[in-house]
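The values are calculated or read from the model by the stated rules, or taken from the named source; none is laboratory data. These numbers were taken from a predicted model, which means no experiment stands behind them. Because the Cβ atoms are built from the backbone with ideal geometry, glycine has one as well, and the counts that use them run over all protein chains shown. Side chains included, ligands, DNA and RNA excluded: accessible areas come from the protein's heavy atoms. Shrake-Rupley method; radii C 1.70, N 1.55, O 1.52, S 1.80 Å.
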Amino acid sequence: MERVFNDEDFNAIVDQRKRVLRVFYIVLGAYILLAAASLIYYTSLPYKDKMQALPKAAMFISTALFVVFLFLYMGIKYHRVNKYYKMMYHLSEGMKNVEENYFVGFELNDLQKDGVDAISCVFKTWSKKKKEWMRREAYWDAEKPLPPFEAGDFVRYVVQSNFVVAFEILKRGGEVFEDMSGAAGAGFTAGSAGSAADGADSADEENK
């Protein structure tokens, strides 16, 4: 099987997380030093000195900038990096499931799984209980190149937290099933949609 993630991916996100935290601690330290210096300077001034406005203004401005920094840097950048770090950590530690299904197509809509950008891989799986083909979605990390799946491929894949972590194409261009109520619809990539149409035409010719 071809692995989607490796040790280098995990080490890279660990290093990125450390860099983000390092910048935060530097900015936090600078803010604390400025606050301490402003307080010392303010208390050293005579009562009702005109220069008392200077440390007050410095703290008002620095506090406003620090709050904006926290929102933009920690609330957005660090939040996304930390979510990706947690996802990678759980991928290496969590339980995994192996499945074998027919690939239908990719859905390229805006999708997040546990705060991580993802692409939906749509499969069809046979339900023994309902005696019909069912839609099965698995997630693909949006930062990774798409796998070389084509409509109708019979794929064995490993999922953890519903993210595909490994895959193997067992059979190329297998039987193309009729569309599941437009589930894969306009979200397919152009290549996958084209392959599905070609497969459907071939199936019609065989039925004739």
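Close amide H partners of Phe149, meaning residues 5 or more places away or on another chain with modelled amide H under 5 Å apart, do not exist here. Loop-located trypsin sites (Lys or Arg not before Pro) in the stretch 1-66 (DSSP state not H, G, I, E or B) with no more than 16 neighbouring Cβ atoms inside 10 Å: Lys48. A simple rule links phi to the HN-Hα coupling: the Karplus curve 6.51 cos²θ - 1.76 cosθ + 1.60 with θ = phi - 60°, which for the stretch 49-56 gives 6, 5, 6, 5, 5, 5, x, 5 Hz, with x for Gly and Pro. The distance between label points at Arg172 and Thr43 comes to 7.7 nm (points 7 Å beyond Cα on the Cα→Cβ vector).
Using the Karplus relation 6.51 cos²θ - 1.76 cosθ + 1.60 with θ = phi - 60°, the per-residue 3J(HN,Hα) values for the stretch 123-138 come to 10, 10, 10, 7, 8, 5, 6, 8, 6, 7, 7, 10, 6, 10, 10, 10 Hz, with x marking Gly and Pro.
What separates the Cα centres of the stretch 84-135 and the stretch 1-68 is a distance of 40 Å. Label positions at Ala12 and Lys128, each projected 7 Å from the Cα along the C-beta direction, are separated by 4.0 nm. Taking every DSSP bridge with both residues inside the stretch 89-180, close to 95 percent are antiparallel.
For the listed residue pairs Lys124/Lys144; Lys86/Lys113; Lys129/Lys171, the alpha carbons are over 20 angstrom apart in Lys124/Lys144; Lys129/Lys171.
Annotation: amide H of Lys113 within the under-5 Å range of Ala118, sequence separation 5 or more or interchain, hydrogens built in the peptide plane. Qualifying trypsin sites (Lys or Arg not before Pro) in the stretch 134-172, where qualification requires a DSSP coil assignment and no more than 16 other C-beta atoms within 10 Å, comprise Arg172. For the stretch 37-133, the share of accessible area belonging to carbon and sulfur comes to 63 percent (1.4 Å probe, ligands and nucleic acids excluded).
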